[in-house]
Amino acid sequence: MHPNPAFRSAETEQNLAFARAQSFGLLALSTEGASLISHIPFQLSEDGTHAELHLVRSTEITRALKAPTPARLAVQGPHSYISPDWYGVPDQVPTWNYVAVHLTGTLERLPDSALEGILARLSAQFEARLAPKPEWTMGKMTPDVLDKMMRQIVPFRLTIESIQGTWKLGQNKPDAARLGGADGVAEAGLGLETAALAAFMRKPPA
């Protein structure tokens, strides 16, 4: 997380809402060597106290996790290069604006019996966003095929103990410079979800 307090003003609920809207992140687990990382979809509980997820049985994290272990789920949002020319003021340098939320806590493996419920809730979360398309459910699968696929994955829960967000949107610049940067981001399209980032830059967290 960026240390500048100007970029850390988002309330907990705003950070949780952002993470919930993305519902995809980078799960990191520390080990004796390099950190283990998996890119995963997840579902946050309504109160934001835990996230449900699953991993392929053969992944490094699944194999390494022998007991509940500290872990972090990093949720990346829109981001873009910022050219100093867009600010309209002298003596500026290039930077990168972005939104990211870190959910830190304890990762634990759940019993295999929890897997079906987690998968059903996760798919329902995303299928609801596709309405009016008829919802996909596991009931559409051939039972033997579904059973074979489910044996390859393992359910987990991340109990969340810390929520931190960085909304680096040029809040440390004069308003006119920040808005100029937003216009540049929207026009250049250099990054990911730049239209969303430009909108955040025009109205950053209070």
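Gyration tensor over the Cα atoms of the range 119-186: the corresponding equivalent ellipsoid has semi-axes (square roots of 5 times the eigenvalues, largest first) of 43, 19, 10 Å.
Taking the alpha-carbon distance from Lys203 and a cut-off under 14 Å, which aspartates and glutamates remain once sequence neighbours fewer than 8 residues away in the same chain are dropped? Here the aspartates and glutamates satisfying the reach criterion relative to Lys203 are Asp175, Asp183. If you sort the three axes of the alpha carbon gyration tensor as a ≥ b ≥ c, you get a/c of 1.5 or more for the range 2-51 and a/b no higher than b/c, which makes it oblate. For the chain, the longest principal axis of the Cα atoms and the long axis of helix 12-22 meet at an angle of about 70 degrees. Among the GluC sites (Glu not before Pro) found in the range 27-122, those both in a DSSP coil and sparsely packed, with 15 or fewer other Cβ atoms within 10 Å of their Cβ, are Glu32, Glu46.
Centroid-to-centroid, using Cα positions, the range 172-206 and the range 44-94 are 21 Å apart. Helical content alone sets the calculated 222 nm signal of the chain at -8500 deg cm²/dmol, taking -39,500 (n - 2.57) per DSSP H segment of four or more residues and averaging over every residue.
Within the range 37-161, the ratio Rg/Rh, alpha carbon atoms throughout and Rh by Kirkwood, equals 1.12.
All of the numbers you see were taken from the coordinates with simple rules; none came from a lab. Model, not experiment: these values are computed from the prediction. Cβ coordinates were reconstructed from backbone atoms using ideal geometry, including for glycine residues, and neighbour counts include every protein chain displayed.
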